[in-house]
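What follows is calculated from the coordinates using simple rules that are stated; it is not laboratory data. Everything numeric in this text was worked out from a predicted model, so none of it was measured. Glycine gets a Cβ as well: all are built from the backbone with ideal geometry, and neighbour counts include every protein chain shown.
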Amino acid sequence: MNYLFFDIECANCFGGNGKICSFGYVLADMNFNIIEQNDILINPASKFHLGRKGQEEIVLGYDKEEFKKSPKFDFYYDRIKELLESPDVVIFGHSVNNDINFLISECARYKKPYFTFKAYDTQILHRHFMPESQLNGLGKICESFEIEVENLHRSDYDAYLTMRVAKKLCEELHSSMEELLERCPNCYYSVDNGTVVNHYVTISYSKKLIDYARFVKPDHRLLKKSKVKNKTFSFSLDFEKDKYKQALFLVNSIRRQAGNYTTKLSKMQYFLSYGEQCKRTQNVNELADSTIEVLDEQKILDLLNIDTELYEQVKAWSLGRIKGYGLPKPKKPTKPQTDEAEQTAERKDEE
């Protein structure tokens with residue numbers, strides 16, 4: 001068994017979807033001896049936007065023209081699939097959930113099947129075993145470990161630094177990587193058919209959905225055709241965990257059509273069944289003469305008039321895009337009526 005450390009850089013994340021411009025990796029044995037290191041440069045087929053307004057622009061490891069003259073993502077799809085789906089590697093990344101979602105959005109953009117693999121997050125590993133550090137960024141963690149940093153934002157080099165952090169954690173804690181992974185199950189992710197699951201996450205997805213439901217207001221444009229006005233929905237706990245993005249999207253649609261989301265058994269009218277018999281599903285099934293209608297995903301999509309293809313695309317969306325879907329855009333602030341000359345005079349008076 002070998003270790004595969006990977007990192008991704010994007011030209012931009014417009015629409016919440018990363019346009020990949022490099023996939024870098026380091027393949028090492030279980031003693032962290034490097035077998036192969038490579039940086040796959042990719043034409044993002046999109047403009048470069050490498051910093052937020054008012055912030056310094058990120059400097060990538062290569063000139064932008066180097067990326068633009070490289071093949072596009074679909075050209076390298078098979079190679080990346082071979083790396084990620086090899087049965088002989090354990091995969092690591094730093095803040096790996098972000099990179100996983102970049103891969104999902106690119107597969108959707110190029111209409112390629114999603115990758116299926118498992119990965120471990122060195123950022124979570126570091127946070128778990130070094131809680132006093134309060135550091136998250138790869139560069140800062142390397143500095144704290146006295147690992148020399150030369151060229152951040154070059155994917156293969158960032159993958160190399162990720163390996164160095166993993167190795168240093170093993171040295172500091174006098175443990176093998178296998179032992180650390182057993183002691184920190186929170187760092188484990190699986191990716192299957194465009195769905196990302198952190199199997200040991202401790203955050204309540206139901207609470208997040210309830211908080212979001214309070215934020216979304218009914219859309220008067222949808223009320224005339226709504227079949228769910230004043231109806232109340234709940235979901236299987238497994239569905240909320242395994243398909244959180246889709247759950248968020250369904251809550252968006254339910255609330256915009258004047259329906260409600262709840263976790264209270266006494267208020268449920270529709271229940272989305274999914275996966276194993278979680279506690280909430282058991283409670284629904286145990287109700288005698290239940291007035292709760294149990295639905296599968298297709299039935300709830302039909303009820304909410306959601307296109308199946310759109311629902312599948314949600315896997316590749318960012319959380320921000322899902323939360324903002326269909327909501328009215330905020331109005332631009334109106335300019336004050338005072339003209340420029342009057343404003344200048346006012347400033348002089350203040351002085």
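Details
- Summary of the geometry: segment 260-311 and segment 91-149, compared by the centres of their Cα atoms, lie 34 Å apart.
- Measuring spread by the Cα atoms of segment 1-134 yields a radius of gyration and Dmax of 15.5, 45 Å.
- Alpha-carbon gyration tensor eigenvalues x 5, square-rooted, for the chain, Å: 38, 32, 21
- Cβ-placed point charges (K, R +1; D, E -1), dipole of the chain about Cα centre in debye, nearest 20: 2360 debye
- Of the Cα atoms belonging to segment 1-70, the radius of gyration and Dmax stand at 14.5, 45 Å.
- Only helices enter this figure: runs of n ≥ 4 DSSP H residues, each worth -39500 (n - 2.57), summed and divided by the residues of the chain, yield -11500 deg cm²/dmol at 222 nm to the nearest 500.
- Of the residues K264, K167, K64, the one with the fewest other Cβ atoms within 10 Å heads the list, and the complete ranking is K264, K64, K167.
- Of the residues A45, A316, A119, the one that moves most in a GNM of the chain with alpha-carbon contacts below 10 Å is A45.
- For the chain, a Gaussian network of Cα nodes joined below 10 Å ranks S236, S70, S204 by mean-square fluctuation, and the top entry is S204.
- Across segment 205-323, the volume of the C-alpha convex hull divided among the residues equals 100 Å³ per residue.
- A convex hull fitted around the alpha carbon atoms of segment 131-271 yields 178 Å³ per residue.
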